[in-house]
Structure formats: C-alpha cells, structure tokens
Amino acid sequence: VHEHGLVHRDIKPENILINNQKQLQLSDFGIAKLPLSEHSQTGFGMGSKNYLSPEQQESAKHVEASSDIYSLGVIAYRMFTGQLPVARFQDPISFAPDMPQALNDLIIRAISQIPSQRPCDGAQFLQLLNQATKENSQQQHTEEGTTIWATQNTTSIKAELEPLENKIIALLKQCGEIKPSEVILLQPLADIAYIDEPALQEFITHVTQRQQKKSNDSDNKLASFILWVNSVNKHINDHINSSIDSSDNAHIKHKQKQFLPDALVDSLITAGLSTTDKTAEQLTALIKEKQQNVPLIKPIKVIIHPLFNQIKKRALPLLLLLIFIGLTLLYGQYHTQKNTRSIDTATWEQAKSNNTATAYLLYLESKPEGSYVALAKQALTQLVQQKDNSKINTAIAQEKLINAIQHQLIKQGYQISQTGKLDQRTKQAIKIFEKSQDILITGNVDKLLLKILTQTYQEKDEKHWLAAQNQHTVDIYQQYKKAFPQGQHFMQASRLIKQLTIEKSNKEKQKQQAQAKQRKQLIEITTDELLNNMITLPAANFIMGCTQGNKCNDKEVPQHKVSISTFDIMATEVTFAQWDTCVTSGACSLRPDDQSWGRGNRPVIEISYHDIINEFIPWLNKVTGKKFALPSEAQWEYAAKANSKTRYAWGNAPDCQKARYGQFSGLCGNERKTSQVKSFRPNAFGLYDMHGNVWEWTQDCWNENYTASPTDGSARKTGDCNAGIIRGGSWLNEANLLGSTFRSGYNRQSKANVNGFRLVINTTL
C-alpha cells in the first residue's frame, strides 16, 4: 500500500483478514487517501479511535504512512499484552518476558507520539522486524551440549543443576577425576534434577571440560590437576600392559607394592608441584593409592614354569618314594583327627542348642581342649551380661522415651527442659496436654502418649502450612518457620521465601525499568511540546515605558528606546504538567500546590524565582541542550505589546473576554482560580496570556524606574536584587495592573498563587 503512495488510515484487527491459504490480506480501503491529496476524504478523527495515531485524531487530512505504522504498532502491542497502550502504559516485554528486546523496542518506537520517531513506512517496519527476529534467532543458537545444561540465551549452568555441578567440582579438586565409586554418590543429586545414569556420565564430562577451559588462576590449577591425574593414569596403564608380557617373577613381586619406577614417580611429583596447588605429600599419597588399587598381576605361566623346571631336575624314584610316605602319614593323622573332631562338634552343637549357662559349663568341663572352648566362654559371658544388662537397657529405653516426649512437648510450646528425666514440670506438662486432648490424665510416659503428641504436632503443622500456602507471602512463610522450626515443611518454606523474594526483586526491578522508560518518554514528550511551543520574535527597536496619556505612574518612566535582538519565547506560561515532569525526573524538589484548582495545562503557581533558576531551568537546559532563561524586562514588554501602542495588546479598554483578571472585584466573575493556558486569543505575536492569568517573573533586579536602564534589551542586574520584577497582572488583580508597561516588585524567595513564568531562548545575547 505504501509503495503505491497510499495511506490506509483505518488499520485495525477487523480489517486484517486471513484467507483459506493462510495469507494475510488488508481490507476496507474506504477512507484511504493519497498523502496531501486535495480529493481525499477529510474529517476529524477519521478511522477507528483505539488505533488512530495522535496526529490523525487531531486531523485526518495531513496523515502520512507513519500513521499506519502507529496503528500497526497498537495491534502488535495488543497481541503481546492483551491490552491497548493507553495512558502510561508498560512495555510489552513486561507482559511477555520471553519476547526479544529488539522487538519490544520496535513496538514502542512504532507507537511513539512523535511521527518522526516511528518507522517511516511499512517497508522500513518490515526491515526492522526481520532484523529483530534475526538477532533473536542468533542469540538462541547454541551448541547441542550447551542447550542441555545451560539456561536460555546464556552459557551458565541451569539452577537445578548447580548442586550437582558443585559436587562434581569438589570431587575434581580432591581427586582430579570422578571415580566409578563416586558416581554412586552423585546419582541422588542427579535424580533430583531428573538426570538418568547415561546423562549423568555426559554431564560429568561436560563439567570436567568446562573446568579445563576456565581462565582464572584458581581454576587453572584445577585444570592442571585434572591433566596431571590423567597423565598418572596413563603411565600406570602403560606399565600394567608391559608387565603382562614379562616373565620375571621378582619383577612381579615388586609390582605388588609399586608398578611405577621410583624415577618416574619422582618426575610425576615434580611436575605436579609446578602445575597444581597440591603438596608433595598429597601427590605421593594419590600415586600410592592408585598403584595399590591396581589388580595384582600373576600370570600363571610366570609362577608355574620355574617350579616345573626345578622338579624335572630331581630323580623320579626319589620323588615317588617321598610322595608315598607323605600320603601314608597324612592318612593316619587325618583318620584320628576326624573322630576327635566329630565328638567335639557334636558336644558343642548340643550345648549351643540348649543355649544355657549350665550347658556351656558342661562343655568346658568335658572338653577342656576342645575346638570350641573360646566360643563356649564367650557365649557364657554374654549370657551373664545379658541378665545384668536387661535392667540397664530398660532404663535406657525409658530415658529415650521421656526424651522424645519432652522434645514433642517443647515443639508444641511447653516450657520444660529436655533432660530425659520425668521431673515435675514434665509431668505437669503431660497432664495439661492430656486434658487438652480429652484423654486419660496420668502424667506418665508411654508410647501411646508419644504417638498422640507426634500426631497432634503434625496436624497443627499441616493446618498452618495449608493456611500459609493459601496466602503465599514471604511474611506468612516466615511466620510458619517461626511457629514450626522443626516442621515437615520448614525447608520448603525457606525455598518459597527465597523464590518469592527473588520474584519480588525482579518485579521491582522491572517496575523501576518501566518507570524509568516512562519517565524518559514523558520528558521527551514534555520537552518536545515545550520546544514546539516557542515563538521566534524578530529584532526591532521599540519605545519602552508608559506612553503619555495612558495614566502612567513613576515606575513606568522615563520612556526610552530599546534595540531588541531576535529571540524565542514560549507561546504560553509554563504549566503544571511541564513542572511536574521536572519533579518526576528528580531534578525539581518542589511539587507546588495547585490550590485544588487542577494541574495539567494550568499555569504553574506557588513557585519562587529561585525555584525557577536553580532547578527548572538547569533541568530543561540539560535535557534539551538549549539555553533557556527568564525573559528580561525589556523582552517581556516587547513581547506583550506585540507592536501595539495601547495599554493592552488589543486596545486601551479592559475586556473580560480577552484575559483572566478581576476576581477580587468580581468584575469578571468570582471564580477563584487560574484559567488553562490558551483559554483566550493570542496577541499579534501569537503569545497567550501576556495580560492576566498569573504574574510572570523576569530576570531584572528591582529598580523604582527606568533611569539608567539598559537599551540593548538585556536584563538589569543592579538595584535591589533580593526582589525581582513581575509583569502582566493576574486572575486576582484589577485591569489597570494588566497593562503592557505596568511593573511590580516581588521578593525572589516568596511563593504565591498569583505568580508564574514563561521562558525565552536568546539567540544572540
């Protein structure tokens, strides 16, 4: 549409259609126009109000393509937020945190109140939209491994994996590697993060590689330690493989204590000392542990082969004889011992079966040399001890029971000591509890009492926890923790407190960011409005002071010629809205009282000369880069006369229809308040309220007359500078105080509901 020079003027959701091929179509060109076309339809606010740009709401005649962009921006804002951007709206990213920042900024730019700040047409909007989505796509592209373990758009580990990562790092710092036995210790942390065993192995590798890539000094030591341990493992494996091919039995026996040669061990320790943060003792112990844990290598051929060679050297007959004699002796000894062991075993089994002190004593008497004498003595001792310990065990069990009951009573608020003794305070507390539960009152302890106490606490705990969850606030969870420090939901309450605190902090941060952006937008709108409100007055020579015949007073004379250089002056007095923007920005400390008359476009009142020059003007100069100032008295009079030679810019006769004044006398009504700016027609220079509404401050110090006044239009800086000059009269005063030449002095520290001001920008002074 824009490429063909058209402006649609009524883009809204109802006019965006989707056909059966899922294509978007823009419809209803009933009020479309060619820009600046004399034959297009015109009218006030033509289009749909909710989607109209500010300039189109003011006039539908001079809209541009950027007006359509505003409507498109409103639609986009509503799509992301479900709301229309009215009043001081929040950024769409506040409602949709996952949206790209660039897209958020594009939408805000599209609905700017200032047409020049928007994309100029649909082509530029599409270009910026593609750029925003492309940047977001690039930000989201990460390596496959990173997307598993890292948070979105960052390389940091996900929060739920941090405990597991920390444990892995701790083990790496201790051992330089994760051993298979240690994986079992890591699995519970992995289960919490829903990581199975294969994924855990992958994550261990991921964390180890991350540590080896760290760049700071402390992590360099860890990376070096990991590499050193890998080197030790490699050397051990190499020596194990080489030893399998060796047939030196002495060499194998040496390897049972140490696989690595001493020289290699010393070399490894020296390398570790120079690259890691470990001591020599730690490195030595680690190498020793690794060598001791290596399985003992004893190839069968290495042991058997030398023995077989020795046997072959002996005479065969001698060998056979020795074997025969040995077998004969062994058989006789075996047969005798077998019968003895059989009787001994049978006697012992009988004693063990009876398991009494008499049975064990009988065995000891009958078999003083038996194989089970030690066991019989041990069993006899245990039986004696069991009898003596039964009373002790009963007392211990009772003490434990009392201790547990006291613990439960303390948890429920009873003021007793946990001693394990059934003292009077504990008995009294038990009776009070039994009474509260409507059970038999005894004051004694038993397992049933402990069960009821435990159930009661759990019920109270659960009740308070459900109530806390319903309110779901930091304060209520803290109250729960205080009331139930040993409650079953204590840790969950702590986590929720932390979560809510973070959420509150994030919301506050987002709120502050939104407020900062709103303040920035408000300042831009206000300053743009103020700059657009400036009128440039031409250089001229004019006669300053009262013209004879206009009932002059001594303060308005003598008349004198003044040469005025060109300058810019505000068409209206500074309003409450403009001053309040300074307050919102933090530059103005005073928020003046509006006397309940209303703020907005009424002239600001209740401000002093010093408030203006010390706060408002420095702020305005800073945000605009201009040099604003109060007008000199000569500039003000030149602007008020607007080339007229009469008492007022419109003539010599006062007129209630041309200025706000006379409330004190009731001449123009008794309404006690100012009028909004631009309530009356401007003078010939296009300036409003130069007569009446509020007195206006000027730069000049107070002097009784014009004697020795500057003739170049500059302010007079001599005289009584504790007082300044105000001009123009106010809503309260009589008509004779409103004249273009009338002057009045006022204390520069004082504030009043009749005083205001307007500003100028000097282009040559």
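Each label was represented as a point 7 Å from its Cα along the Cα-to-Cβ direction; for K561 and E369 these points are 15.5 nm apart.
Summarising the amide proton neighbourhood of A752: residues at separation of 5 or more, or on other chains, whose placed amide H is nearer than 5 Å comprise E606, I607.
A dipole drawn for the chain from +1 and -1 charges on Cβ atoms has a positive end, and of S224, I69, I16 the residue lying farthest that way is S224.
Amide H contacts of Q699 (H built 1.01 Å from N, in plane; Pro and chain starts excluded): S632, E633 sit under 5 Å, all sequence-distant by 5 or more or on other chains. Starting from the Cα of N50, move 7 Å in the Cα-to-Cβ direction to define the label point; list residues of the stretch 5-30 whose amide nitrogen is under 14 Å from there. Flagged as within label range: 11-16.
Tell me the angle of helix 357-366 to the major Cα principal axis of the chain, expressed in degrees between 0 and 90 and rounded to the nearest ten. For helix 357-366, the angle is close to 40 degrees. Shape class of the stretch 561-673 from the alpha-carbon gyration tensor: oblate, with a/c at 1.5 or above and b/c at least as large as a/b. Rounded to the nearest whole Hz, the Karplus-based 3J(HN,Hα) values (6.51 cos²θ - 1.76 cosθ + 1.60, θ = phi - 60°) of the stretch 449-455 follow the sequence 4, 4, 5, 5, 4, 4, 5, with x at glycine and proline.
Rounded to the nearest 500, the helix-only mean residue ellipticity at 222 nm of the chain stands at -16500 deg cm²/dmol, with each DSSP H run of n ≥ 4 adding -39,500 (n - 2.57).
Cross-link check: pairs K173/K481; K641/K673; K158/K517; K447/K481 evaluated at a Cα-Cα cut-off of 32 Å; pairs beyond the cut-off: K173/K481. Computed over all pairs of different Cα atoms, the Kirkwood value for the hydrodynamic radius of the chain is 38.9 Å. At a probe radius of 1.4 angstrom, the accessible area of the chain per residue rounds to 58 square angstrom.
Roughly how many percent of the accessible protein surface of the stretch 669-723 is carbon and sulfur, given a 1.4 Å probe and a whole-percent answer?
Numbers: 1150 of 2620 Å².
C and S fraction of accessible area: 44 percent.
Charges only on Cβ, +1 for Lys and Arg, -1 for Asp and Glu: so what's the dipole of the chain about the Cα centre, in debye to the nearest 20?
Here the size comes out at about 2080 debye.
What order do E399, E606, E281 take when sorted by accessible area (1.4 Å probe), most exposed first?
If we order E399, E606, E281 from most to least accessible, we get E281, E399, E606.
The slack between L590 and Q101, meaning 0.36 nm per residue of separation minus the straight C-alpha distance, is 172.5 nm. Which aspartates and glutamates, if any, have their Cα less than 20 Å from the Cα of K352, not counting same-chain residues under 8 positions apart? Within the straight-line cut-off, K352 pairs with D344, E365, E369.
Scanning the chain for cysteines with no neighbouring cysteine C-beta under 4.7 angstrom from their C-beta gives C120, C175. Put E671, E637, E289 in order of accessible area, highest first, and with a 1.4 Å probe you get E671, E289, E637. What is the calculated FRET efficiency for Q378 to I169, with r their C-beta to C-beta distance and R₀ = 51 Å, to the nearest 0.05? Efficiency at R0 = 51 Å is approximately 0.55. A cut-off under 12 angstrom between Cβ atoms defines the neighbours of Y609, and their net charge, with Lys, Arg +1 and Asp, Glu -1, is -2. In the stretch 70-119, which chymotrypsin sites (Phe, Trp or Tyr not before Pro) are in a loop and have at most 15 other Cβ atoms within 10 Å, using DSSP for the loop call? Sparse-neighbourhood loop chymotrypsin sites (Phe, Trp or Tyr not before Pro): F95.
For a paramagnetic label modelled on I432 (point 7 Å from Cα along Cα→Cβ), amide N atoms under 20 Å away belong, within the stretch 386-402, to 402. Helix 197-212 and the long axis of the chain differ in direction by around 70°, with both axes built from C-alpha atoms. Here each label is just a point 7 Å from Cα along the line to Cβ, and for E3 and S181 those points are 7.4 nm apart. Put simply, the amide H of F567, placed in the peptide plane, has neighbours under 5 Å in L537, leaving out anything fewer than 5 places away on its chain. Take L590: with every protein chain present and a 1.4 Å probe, its accessible area is about 50 Å². Simple spin-label estimate for E14 and Q212 gives 6.7 nm between the two label positions (7 Å along the Cα-to-Cβ direction from each Cα). So how far, in whole Å, is the C-alpha centre of the stretch 343-404 from the one of the stretch 579-609? Distance between centres, Cα-based: 98 Å. Computed from the C-beta positions of T284 and Y194, the FRET efficiency with R₀ = 56 Å rounds to 0.85. Note on D720 and D446: the extension gain reaches 89.0 nm, defined as 0.36 nm multiplied by sequence separation minus the Cα-Cα distance.
Past the 11 angstrom mark, what percentage of all C-alpha to C-alpha distances in the stretch 693-743 do you count? The share of Cα pairs beyond 11 Å in the stretch 693-743 comes to 71 percent. Put S436, S494 in order of accessible area, highest first, and with a 1.4 Å probe you get S436, S494. Accessible surface for L375 stands near 80 Å², nearest 10, in the context of the full protein assembly shown (1.4 Å probe).
When the stretch 546-588 is described by a simple charge dipole with +1 on each Lys and Arg Cβ and -1 on each Asp and Glu Cβ, the residue from C546, T581, T566 located farthest towards its positive end is C546. DSSP assigns beta bridges within the chain; of those with both partners inside it, close to 95 percent run antiparallel.
Selection among Y457, H472, Q513 by position relative to the dipole of the stretch 443-543 gives Y457 as farthest towards the positive end (Cβ unit charges, Cα centre).
The angle separating the long axis of helix 217-244 from the principal Cα axis of greatest extent in the chain is about 30 degrees. Whole-Hz Karplus values for the stretch 5-15 come out as x, 9, 10, 5, 6, 8, 6, 7, x, 5, 9 Hz, taken residue by residue from phi with 6.51 cos²θ - 1.76 cosθ + 1.60 and θ = phi - 60°; glycine and proline positions read x. In sequence order, the stretch 113-128 has phi-based couplings of 5, 9, x, 5, 8, 8, x, 6, 7, x, 5, 5, 4, 5, 4, 5 Hz under the Karplus curve 6.51 cos²θ - 1.76 cosθ + 1.60, θ = phi - 60°, and Gly or Pro positions carry x. D423 exposes around 50 Å² of accessible area when a 1.4 Å probe is run over every protein chain in place.
The values are calculated or read from the model by the stated rules, or taken from the named source; none is laboratory data. Not measured: the values here are computed from a predicted model. Note that each Cβ is placed from the backbone with ideal geometry, even for glycine, and that neighbours are counted across all protein chains shown. Ligands, DNA and RNA are excluded from the accessible area calculation, which covers all protein heavy atoms including side chains. Shrake-Rupley method; radii C 1.70, N 1.55, O 1.52, S 1.80 Å.
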